[in-house]
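Below is one structure, written out as structure tokens, with a few remarks after it.
The values are calculated or read from the model by the stated rules, or taken from the named source; none is laboratory data. Owing to the predicted nature of the structure, the values given are computational and were not obtained by experimental measurement. Here the Cβ is made from the backbone with ideal geometry for all residues, glycine too, and neighbour counts use every protein chain on show. We work out accessible area using only protein heavy atoms, side chains counted, and drop any ligands, DNA or RNA first. Shrake-Rupley method; radii C 1.70, N 1.55, O 1.52, S 1.80 Å.
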Amino acid sequence: MRTVIKVDRVIDGSGRDAFGPAAVVVEDNLITLVREGPMGLEQDTRIVDLPGCTLMPGLMDAHIHVTGITSRGPVPPAPDLAYRTLASVQSALRHGVTTIRDVGSYLGVPVALRRAIARKQVIGPRILACGKLIAMSGGHAYQLGMQADGVDEVVKAVREQFRDGADFIKTVTTHRAALPEFTQPELDALVAEAHRLGRKVACHAGIEPGIGMAVRAGVDSIEHCWIPSDETLAAIKARGTAIVPTLAITGFGYSYPERPQASAERTAAMLYENVDQAEAIKSYFEGTFQRLPYVMRFAKENGLLVGAGTDAPITELPYHSVIYEVELLAKFGFDAMEAICAATSNNARILGLDRVVGKIEPGLAADVIAVRGDPLQDVRALRDVCFVMRDGQVIPDPEPTQALRQV
Ligand SMILES: [Zn+2]
């Protein structure tokens with residue numbers, strides 16, 4: 001099947017200027033031609049005419065927990081969880097999110113879902129799954145994965161995830177206090193073993209000294225990276241470590257910068273009802289509000305590789321919140337093109353999929369979306385999706401975003 005998509009403009013995801021009117025040709029599941037100006041039409045061609053629209057690579061969320069996280073009560077039975085998760089990721093897809101990286105979920109659901117989607121048994125976004133995240137005993141978010149202590153156990157944990165189909169390794173090494181979780185030798189061993197097996201490492205680290213230790217160990221991406229030291233920022237730049245700042249989860253959108261205190265309190269309240277934890281979380285988020293604007297400025301000025309990830313559905317973020325993450329990147333001083341690239345080509349690099357998706361370019365998979373209007377004038381145009389194609393297949397009923405948090 002040959003499809004020609006005609007649009008007013010194309011943002012190809014590479015960061016170069018938008019161009020148009022233009023036509024993009026898709027054959028089977030691949031983009032085969034991108035052409036500016038009018039286009040002669042051959043027979044047996046399906047035309048998708050989208051006047052007034054911008055075509056761009058499908059959005060990618062580099063940090064999501066597809067099954068959700070249960071802070072109270074038991075984890076739902078696997079069949080319930082699987083169907084609920086399928087509905088959630090299909091909703092994300094209809095909103096224009098064509099790739100998601102699951103960084104920790106219950107009961108192996110993402111790996112199974114990835115297989116079912118890849119076999120075309122069900123429709124869904126492209127999924128990269130970590131299997132079980134790896135934490136120290138009692139460490140942050142250990143309920144979402146497995147616990148390992150000591151060099152031998154972390155190496156074994158990596159091998160088990162590799163055996164069970166992990167696309168990458170997710171580890172967690174800070175909670176919300178200035179106390180690292182894994183030791184340096186544990187982190188070093190985990191990263192070395194993952195890399196030996198050809199797997200990237202995404203590491204949850206929000207505060208020092210854990211961030212610096214993770215960078216030193218050679219992790220590929222720091223998830224959150226909210227309160228790094230100047231020394232660690234310099235190391236991130238020198239090593240080319242990616243950061244996924246997950247702005248959506250911070251609660252910045254509620255009232256920042258006018259009332260950061262209110263944002264901190266609300267985020268803390270949404271994360272836990274337990275009063276002791278709420279206090280600790282609140283002070284952590286207050287530290288984050290102070291430091292993160294500087295971190296994002298540093299990232300922009302120094303060309304760090306910044307990805308877009310949301311941590312949805314924590315704090316009730318919807319599964320398509322990467323749209324909101326792009327808006328927040330713009331609020332933090334990224335221009336619209338940079339913010340869009342974070343959610344497309346940068347994420348593709350971070351996920352190791354840059355030869356597959358993330359740009360509109362011949363030879364890449366046809367994971368593309370169209371939105372009404374011009375997102376370079378206002379990134380909120382991403383809310384108004386009108387066309388979604390995933391691996392060459394047109395997804396019915398694209399779903400514009402009705403309400404997101406106030407940004
Ligand atoms: Zn997370």
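Taking amide H positions as placed 1.01 Å from N in the peptide plane, with prolines and chain starts having none, which residues 5 or more places from residue 104, or on another chain, fall under 5 Å of its amide H?
Under 5 Å from the amide H of residue 104 lie the amide H atoms of 66, 130, each far enough along the sequence or on another chain.
Rg and Dmax in Å for the range 1-133, alpha carbons only: what are they?
Rg and Dmax of the range 1-133, Cα atoms, are 18.5, 60 Å.
Roughly speaking, to the nearest percent, how much of the chain's 1.4 Å accessible area is carbon and sulfur?
Values: 8100 of 16320 Å².
Using a 1.4 Å probe with all protein chains present, the chain comes out at 50 percent carbon and sulfur.
Report relative contact order for the chain in percent, whole number only (criteria: Cα-Cα under 8 Å, sequence separation at least 6). Numbers along the way, then the final one.
Numbers: 939 pairs, mean separation 80.0, N = 407.
Relative contact order comes out at 20 percent.
Enter the accessible area per residue of the chain (Å², integer; probe 1.4 Å; all protein chains in place). All intermediate terms of the calculation are to be shown ahead of the outcome.
Working: 16320 Å² over 407 residues.
Per residue, the chain has an accessible area of 40 Å².
Of 145, 352, 212, which is the most mobile in a GNM of the chain whose springs link Cα atoms less than 10 angstrom apart?
Sorting by GNM fluctuation, first place goes to 352.
Just need the Rg to Rh number for the chain, please, alpha carbons only, Kirkwood Rh.
Working: Rg = 20.6 Å, Rh = 21.3 Å.
Looking at the chain, the ratio lands at 0.96.
So which trypsin sites (Lys or Arg not before Pro) in the range 306-396 pass both tests, a DSSP loop state and at most 13 other Cβ atoms within 10 Å of the Cβ? Walk me through the intermediate numbers first.
On the way: sites: 331, 349, 355, 359, 372, 380, 383, 390; in loops: 355, 359.
Here the sparse-neighbourhood loop sites are 355.
Compute the projected area of the convex hull of the Cα atoms of the range 297-345, averaged over all viewing directions, and report it in nm² to one decimal place.
Details: hull surface 13.6 nm².
Seen from a random direction, the Cα hull of the range 297-345 projects 3.4 nm² on average.
Treating the angle as unsigned and between 0 and 90°, give the value, to the nearest 10°, between the Cα long axis of helix 184-196 and the longest Cα principal axis of the chain.
It works out to around 30 degrees.
Which one of 301, 27, 193 has the biggest mean-square fluctuation once the chain is modelled by GNM with Cα springs under 10 Å?
Of 301, 27, 193, the most mobile in the Gaussian network model is 301.
Could you pull out every one of the lysines with an alpha carbon less than 28 Å from that of residue 237, ignoring same-chain neighbours closer than 8 positions?
170, 200, 300, 331, 359
Compute the distance from the alpha-carbon center of the range 59-79 to that of the range 122-164, in whole Å.
15 Å
DSSP loop (so not H, G, I, E, B), at most 11 other Cβ within 10 Å: list which trypsin sites (Lys or Arg not before Pro) in the range 92-172 pass both filters. Provide the component values of the computation, followed by the final result.
Working: sites: 94, 101, 114, 115, 119, 120, 126, 132, 156, 159, 163, 170; in loops: 119, 120, 132.
Loop-located and lightly packed - 119, 120.
Hey, what angle do you get for helix 275-301 against the long axis of the chain, alpha-carbon based, 0 to 90 degrees rounded to 10?
50 degrees
Suppose only helical runs count, i.e. DSSP H with n ≥ 4. What mean residue ellipticity at 222 nm does that imply for the chain under -39500 (n - 2.57) per run, divided by all residues and rounded to the nearest 500 deg cm²/dmol? Mind showing how you got there, number by number?
Details: 13 runs with 140 residues, N = 407.
Taking each H run of at least 4 residues, the total per residue is -10500 deg cm²/dmol.
Between 311, 167, 44, find the one with the highest GNM mean-square fluctuation for the chain; connect C-alpha pairs within less than 10 Å.
Most flexible of the set in this elastic network: 44.
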